[in-house]
Structures are given as structure tokens and as C-alpha cells.
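Taking it in order: structure first as C-alpha cells, then the write-up.
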Amino acid sequence: MMSRIVGCCLACSVMASGEIIQRLWKYDYSGLPVETLRDNAPLCDGFAMSFRVKNGLVAGQLVEIPKTFRLECVERGGQTYYERDGKNPALRATIWLTYEPRPKWKSLSIELPLNALGDDWSKREIGVLYDQVNFLFTVDGVIIDRNYPVGTLDAQDGPTVVKTDLLQDFRFSSSVAKVGRTKVEHRSTDGIQFYTPYGHNTWCGDVVVYYKDGLFHLLYLFDRNHHGSRWGCGAHIFHHMTTRDLVNWVDHGPILELTEQWQSVGTGTMVSSGGKLLSVFGWHTTRTVDYAQTVSSQAEKYLGKNPVAVSRKDFAPLVPSGTTYAESEDGLNFTWSEKFLNVTENPSIFEMSDGSLKLFGSSRTWSAPGIDGPWTLVDSSFPVAGKECALRSTFECPSYFEFNGYRYLLMGFTGMWAGTGEDGPYVDKAAEGLDIYDGLGVPFVAPYHDGRRILAGWPNRGWASVLLLREVISYPDGNLGLKWVPELAPKRDVKFGSGSVSGRGRAILGVGKTTSVYGEVTVTPSKPSGRLAIRFRDQSNPSLDVELQIDLSRKRAQINGISGDDFAAGLPTAREIAASSDKGAGAGIGANLHCLSRNFCLENVRGLEGEFGIRFVLRRSKKLGAAILDVEIAGCRTMVSIRPDAKFDKIELAGEEGISLTGDFFKYPEEGYFDCGGK
């Protein structure tokens with residue numbers, strides 16, 4: 001039996017999901033002394049140029065300093081966010097460098113999509129700045145793309161060419177230190193769910209959350225190019241967000257900016273110690289600098305058996321590496337301590353109930369009375385990682401939290417441990433199929449008011465993508481669940497369809513290929529068995545069709561590709577994948593693991609007895625080049641899946657005999673559009 005879901009259109013708008021204020025740097029080139037860009041100009045210490053381009057600029061060279069710098073217009077940029085009518089012209093700036101430890105690192109490029117300039121390109125001031133640490137494009141002063149060089153600029157090899165007939169108001173200066181900048185605010189009502197920072201190729205990577213004195217802090221590794229910056233080394237920085245209600249947020253920008261070529265921030269934590277708020281993190285120095293040149297290579301000399309923090313001046317000229325921290329008196333403005341605590345590059349330091357601190361990292365645990373130590377090794381084999389645990393979890397990025405008498409550790413992409421004592425013993429919950437991974441990478445949990453716990457993470461579309469929050473549910477047996485955060489629940493303002501199906505049938509809803517959808521489906525089974533599904537179909541490309549399937553008798557939920565009208569084949573869970581292979585499971589191993597945020601299966605799903613609800617959001621993301629499917633099942637389990645290139649235009653409800661489904665469907669807010677004017 002087939003029924004068609006009834007559609008309707010109401011003349012009202014979707015309510016705002018809360019305001020987000022992003023604080024951005026705006027660069028000012030007006031104070032630069034103007035120079036003639038001549039042959040063999042002094043560029044090694046830095047340079048800046050500003051100009052405007054004519055409408056309809058075609059592909060070709062604009063500025064050429066052979067073997068040193070090039071500015072050109074290309075027909076198709078690497079990012080498709082601003083593509084219009086199949087056209088995607090871009091400005092591309094390239095520098096050539098030499099860095100002897102990495103001879104293959106030569107050219108480094110940044111791009112500015114010209115369609116981002118709006119209808120009249122000639123009205124926008126474009127800037128290019130290189131200062132040895134940063135290489136960036138700005139439009140009307142705001143950064144539109146940036147990369148981080150290493151090494152020194154190569155010498156010029158040929159005459160300089162500047163096509164001033166194509167570049168209006170061209171200005172050049174080697175006095176880059178005189179470029180001014182001020183903070184400006186960009187406001188949006190897009191909400192924190194599916195958040196990405198301002199720009200067209202900007203993403204949220206690993207997340208840290210922390211709560212103190214009524215203020216909820218969220219740090220995320222600001223990413224461009226999915227870990228591709230600085231020749232794949234990431235060159236990440238922590239951005240700092242705060243909220244008092246989980247709805248309205250301020251993105252304050254970087255905790256610290258990169259000021260030296262070796263710097264790249266690794267995942268960490270936030271703690272309070274000595275009356276200050278601390279952002280703990282690791283330097284991923286060895287991505288750029290040979291290990292022998294870092295302080296980590298001589299850790300035993302400087303730290304000893306009971307390490308006390310060592311200042312940079314005491315280990316110079318070795319390059320800083322490993323665990324360090326930035327400190328703040330007011331909770332918003334941070335200063336790097338320039339101290340070295342541990343060799344761990346993704347350290348996790350947490351406050352214990354007795355006021356002491358514990359550091360989890362590199363499969364070891366340390367304890368200290370305060371951030372500067374002395375740090376005592378209290379366990380040389382925990383957290384367990386790699387071949388020592390079923391899911392082959394990484395030892396990096398542990399998230400420790402307490403909840404209703406239990407203590408938990410989430411380990412990167414796949415590991416989860418739980419225990420009742422501060423020092424264990426801990427049980428491998430992932431090995432039991434009782435972990436809470438739902439498709440979000442490197443999830444992190446922190447307390448919130450009224451005894452609640454909030455989790456944050458990002459789904460996999462390459463390294464880093466959009467931000468998503470969950471609320472953690474605690475059960476008496478110590479197991480956990482996840483639900484959507486009540487404050488962030490989608491609005492039911494614009495209903496455009498409803499329908500139902502009973503028994504072996506289907507109900508079908510047609511939707512626009514670019515329309516985001518919020519759905520509420522009530523499931524009423526007449527017996528505790530059978531399967532049901534919500535299917536999302538792309539009629540122009542059925543190979544992208546996908547199904548959310550729930551198996552009542554097995555208490556499983558899965559997201560999997562589908563072909564035809566039959567239920568998709570059952571997938572193994574992460575635990576089963578690990579058990580069936582001597583390689584176990586881990587990030588990147590196994591095509592159907594939750595950490596890849598595509599097709600995966602969860603077991604031990606609660607709440608499937610009797611009538612229950614399913615809520616989903618189908619979020620269209622042009623920025624990500626994908627549809628995002630975010631699901632809550634029975635108010636106690638969540639799943640998220642990225643479906644690259646999918647343009648779903650049909651939603652189906654389907655069930656086996658004895659199962660009824662009733663659905664209501666609403667318009668969900670669309671992804672915000674970033675243009676270079678800050679709109």
C-alpha cells in the first residue's frame with residue numbers, strides 16, 4: 001500500500017534559533033606607505049597589497065614576481081560554495097618558499113572566489129598580506145582565506161609584471177607592520193547547531209567544553225581546508241565561544257594567534273587553577289620541526305620523574321612542544337604561559353573533586369596539586385588505547401567527566417570507559433556495545449547547570465566540519481544515552497506536510513532539493529518486533545538514496561544506503577566489526593564505523609518498547625557539499641550522517657506488518673550564506 005503525504009504551505013517564517021556574534025579582525029591598509037613594486041623588491045620580511053578588480057575579469061596573470069609570488073585569475077577555484085550557473089572564477093595568490101627540513105614544501109596558495117564579491121566586484125577592496133607567519137586574502141578588510149607558510153621566500157627570478165589595467169587602485173608596500181586592524185562583529189541567527197565560523201572554507205574541528213559560574217565555554221580548533229593548511233599540518237588555533245543559555249553565543253575568536261612558523265595547536269581542555277581560567281593544549285611542533293630540535297626530545301632532562309613546569313627561557317634554544325597552557329584573569333583574554341609540562345601533544349587535564357588536577361595522555365595518567373606541578377605519574381597503562389582495547393581507540397583527546405556517581409572517559413573516535421572510583425577500575429563500554437558514539441568525532445562532555453551534561457563534536461566530512469551539541473542521559477546502571485538539547489529543539493513554525501502509513505506500505509513526501517526539513521515521526525508497534533524506516537531519496541541520482549532503519553526486536557538503529565523499495569541490509573556494529581577482524585576497529589578502519597559519519601549501526605538502543613518518537617533534521621549544506629541527516633530516536637539515542645552530493649527530493653515512511661508511522665514535517669532554517677561583506 002502506498003499513500004502520499006499531504007503537503008501545505010503556511011505564510012509565516014521560521015523563528016530564529018538564537019543569535020551568534022562572531023568577533024573578526026578587520027585589516028586596514030590605508031596607513032601603508034605606498035611603494036613601487038619594482039624588480040627585486042624587499043619581500044622576505046613581508047609585503048601587503050590592496051586593489052580592486054574590474055567586473056568580468058577573465059582568467060590570466062595579474063601580478064608576477066617569478067619564483068616568488070603570483071596573483072592570477074583562474075576559471076574554477078577549488079571551493080564551489082560560490083559557484084553560480086556553473087561558473088566559479090577565483091583569484092589565486094601563490095608564494096614559493098624554501099624550508100630545508102621539508103624540501104617538498106615549496107608553493108603555498110590561497111584563493112578568493114570572485115562571486116563572493118557580489119554583483120559589482122569593482123566596489124570591494126581586496127588585500128593580500130604576507131608577514132612570514134600568515135599569508136591571507138581580505139575583502140574590505142575581513143579575512144576570506146588564509147594559509148600559514150614555513151621557510152623563507154625564494155629569490156625573484158625574472159622581471160616583475162603588474163597589470164594595472166586590470167587592477168584598479170593598486171597599492172603595494174613592504175612595510176607590513178604598518179597594516180592596522182580592529183575588531184568588528186558579524187551577527188547571525190543561524191543557531192549553534194551546524195555552526196561553522198565566518199567564511200567559505202572554515203570549519204570546526206576538535207571541541208572542548210567547560211562550565212563555570214554560569215558561563216558555558218566551548219573551544220573548537222578553527223580549521224581551513226579540512227586539515228590541509230600548511231601542507232597538511234593543520235596549523236590550527238583554538239577559537240573561544242561562550243553562552244549562558246546554549247541559545248545565544250559569542251565567538252570571541254582565537255584564544256591565541258599563531259605568531260611563529262612552527263606553531264599548531266593540538267586538542268586540550270579548559271580548567272581553573274590558581275584563581276585563573278586556563279586553556280590547556282599541546283603544540284604539534286613535530287609536524288614542522290624535527291623532533292631533536294624540540295624540548296620534548298629532552299623531556300627527561302627538563303622534567304625529571306616528578307615534573308614541574310619549565311619556562312621557555314630555561315630550555316631555549318629548543319623549540320616549544322607538547323603540553324602547555326594559556327591563562328586568563330577575566331576568562332576571555334588569554335596569555336600564553338610559555339611553559340612546558342609534558343610531551344603529550346593532545347593533553348587532557350581535568351579538575352578532580354578534591355581540587356587536584358589529572359592529566360590523561362599518551363596512555364598514562366598524572367596527578368598534580370596545581371597546573372605547574374609537581375606532576376606524579378599515577379598510572380602507566382591507562383587510558384588504554386591501540387591494540388590493548390577492542391575498538392583500537394587512539395590515546396589522544398580523552399574527555400573525562402563525572403555523572404551520577406560514575407566516571408567516564410571518551411577516547412577520540414571510538415573508545416569509551418566507565419567506572420565508579422576516581423582511579424577505576426574502568427570497564428570498556430565500547431567493547432560491550434554500550435558506548436555513546438553517534439557519528440560525531442572526538443566528542444567532549446562538560447557539566448551544565450542543574451546537574452546536566454552537554455556533549456559537543458563534529459561529523460566527519462574530512463577532518464573538521466560543522467558543530468553539533470547533545471545532552472547526555474544517565475541511567476541507574478551507569479550506561480548513558482544522548483538526546484537533542486531541549487533549548488535547541490527545532491521550531492514547528494512552518495508545517496508543509498503530514499502523513500501516515502500502517503503495515504507494509506509507504507507514505508511519500510516530495511521536498512525541494514535545497515529545502516531543509518525537520519520531521520517528527522510517531523511509531524506505534526502492535527508487537528515488539530519488526531522493522532521500520534525513514535528513507536531519503538534523490539530521484540536524479542538513486543545511488544545516493546539512504547535509509548534510517550530501526551529493528552525493534554534487535555534494538556538496533558542504522559543509517560545505510562538503499563536500492564529499491566526493500567529494507568536495506570543490516571550492518572554490523574562497531575563492536576562486531578572489531579570482533580571480526582584481527583585489526584580491530586578504529587578511525588579509518590572499516591567502511592561502516594560511526595566515526596566516519598556515513599553508514600553505521602548502533603546496538604542496545606533504548607526506548608523502543610511501545611509507542612515512541614523519532615525526530616530528524618535534514619540539513620542542506622552547500623558549504624559542506626552535502627546533506628546532513630541528524631536523528632534523535634525515542635529521546636535517548638542520536639545519530640548523524642553526512643551524505644556527500646545528495647540532493648534528496650523525496651522522503652518516505654515505511655514499516656513492516658504491525659507497525660504504524662505518523663509524521664509531521666516542517667521547514668528547517670537554511671544554512672546561512674557568507675559573502676565578503678559580512679552579511
Selection from the range 272-302 of residues that are among the hydrophobic types (A, V, I, L, M, F, W, C), out of contact with any Gly (no Cβ under 7 Å at 6 or more places or on another chain) and in contact (Cβ under 8 Å) with a residue 60 or more places away in the chain:
LEU278, VAL289
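Mind listing just one residue for me: the one in the range 406-426 that is of a type outside the set (Asp, Glu) and in contact (Cβ under 8 Å) with a residue 60 or more places away in the chain and, of those, surrounded by the fewest Cβ atoms within 10 Å (Cβ to Cβ)? It would help to see each step written out before you state the result.
Here is the first cut: in the range 406-426, the ones of a type outside the set (Asp, Glu) are 406-421, 424-426.
Pick out the ones that are also in contact (Cβ under 8 Å) with a residue 60 or more places away in the chain and you get 406, 408, 412-414, 418.
Numbers: TYR406: 17, TYR408: 24, GLY412: 24, PHE413: 27, THR414: 28, ALA418: 20.
Among those that are of a type outside the set (Asp, Glu) and in contact (Cβ under 8 Å) with a residue 60 or more places away in the chain, it is TYR406.
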Of the candidates HIS217, HIS200, the one satisfying the condition of being at pLDDT 95 or above and either on the phi < 0 side of the Ramachandran plot or of a type in the set (Lys, Arg) (or both) is HIS217
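Given the criteria assigned to a strand (DSSP E or B), among the hydroxyl-bearing types (Ser, Thr, Tyr) and surrounded by fewer than 20 Cβ atoms within 10 Å (Cβ to Cβ), does SER353 qualify? Steps first, please.
Working: assigned to a strand (DSSP E or B): no; among the hydroxyl-bearing types (Ser, Thr, Tyr): yes; surrounded by fewer than 20 Cβ atoms within 10 Å (Cβ to Cβ): yes.
For SER353, the condition - assigned to a strand (DSSP E or B), among the hydroxyl-bearing types (Ser, Thr, Tyr) and surrounded by fewer than 20 Cβ atoms within 10 Å (Cβ to Cβ) - is not met.
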Out of the residues in the range 41-87 meeting the condition of being modelled with pLDDT under 90 and in a strand (DSSP E or B), tell me which one is farthest from SER174 (Cα to Cα).
ARG84
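Residues PHE350, PHE315: which one is in contact with a strand residue (DSSP E or B) (Cβ under 7 Å, 6 or more places away or on another chain), in the same structural domain as VAL427 (by TED's automatic domain parsing), over 30 Å from PRO149 (Cβ atoms) and not basic (Lys, Arg)? Don't jump to the end; show me each part of the working.
On the way: PHE315 fails: over 30 Å from PRO149 (Cβ atoms).
The unique qualifying residue is PHE350.
Any idea how many residues of the range 93-120 are out of contact with any Pro (no Cβ under 6 Å at 6 or more places or on another chain), within 27 Å of THR196 (Cα to Cα) and crowded, with 19+ Cβ neighbours inside 10 Å?
First, the residues of the range 93-120 that are out of contact with any Pro (no Cβ under 6 Å at 6 or more places or on another chain): 93-96, 98-107, 109-113, 115-120.
From what is left, the residues that are within 27 Å of THR196 (Cα to Cα) are 93-94, 109-113, 115-120.
Filter once more, so that each one left must be crowded, with 19+ Cβ neighbours inside 10 Å: 93, 110-113, 115-117.
The number of residues fulfilling the criteria is 8.
Please find, within the range 598-621, the residue that is nearest to PRO644 (Cα to Cα) out of those that are among the charged types (D, E, K, R) and not in a strand (DSSP E or B).
Keep residues of the range 598-621 that are among the charged types (D, E, K, R), which gives 598, 603, 606, 609, 611, 615, 619-620.
If we keep only those that are not in a strand (DSSP E or B) as well, we get 598, 603, 606, 609, 611.
Details: ARG598: 9, GLU603: 25, ARG606: 29, GLU609: 33, GLU611: 33 Å.
Result: ARG598.
Give the residues of the range 156-204 that are in a loop (DSSP other than H, G, I, E, B), surrounded by 13 or more Cβ atoms within 10 Å (Cβ to Cβ) and hydroxyl-bearing (Ser, Thr, Tyr), sorted by residue number.
Within the range 156-204, THR160, SER174, SER175, THR189, THR196, TYR198 qualify.
Can you name every residue in the range 449-476 that is assigned to a loop (DSSP other than H, G, I, E, B), crowded, with 17+ Cβ neighbours inside 10 Å and out of contact with any Pro (no Cβ under 9 Å at 6 or more places or on another chain)? So that I can check it myself, show each step before the final result.
Taking the range 449-476 as the starting set, the residues that turn out to be assigned to a loop (DSSP other than H, G, I, E, B) are 452, 460-464, 466, 475-476.
From what's left, crowded, with 17+ Cβ neighbours inside 10 Å: 452, 460-461, 463-464, 466.
Once the filter is applied, which keeps residues that are assigned to a loop (DSSP other than H, G, I, E, B), crowded, with 17+ Cβ neighbours inside 10 Å and out of contact with any Pro (no Cβ under 9 Å at 6 or more places or on another chain), the range 449-476 yields ARG452, ASN460, TRP463, ALA464.
Within the range 646-659, identify whether any single residue is closer than 25 Å to GLY199 by Cα and modelled with pLDDT of 95 or more, and answer yes or no. Full working, then the answer.
Initial filter on the range 646-659 (closer than 25 Å to GLY199 by Cα): 646-647.
Then drop every residue that is not modelled with pLDDT of 95 or more, which leaves 646-647.
Checking the range 646-659: at least one residue is closer than 25 Å to GLY199 by Cα and modelled with pLDDT of 95 or more.
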Among the numbered conditions (1) buried (at least 20 other Cβ atoms within 10 Å of the Cβ); (2) more than 28 Å from ALA456 (Cβ to Cβ), tell me where ILE534 comes up short.
(2)
In the range 101-152, anything in a loop (DSSP other than H, G, I, E, B), touching a residue at least 40 places away in the same chain (Cβ under 8 Å) and acidic (Asp, Glu) is listed as ASP120, GLU125, ASP131, ASP140
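The values are calculated or read from the model by the stated rules, or taken from the named source; none is laboratory data. Just so it is clear, the model here is predicted, and its values are computed rather than measured. All Cβ positions, glycine included, derive from the backbone under ideal geometry; neighbour counts span all protein chains shown.
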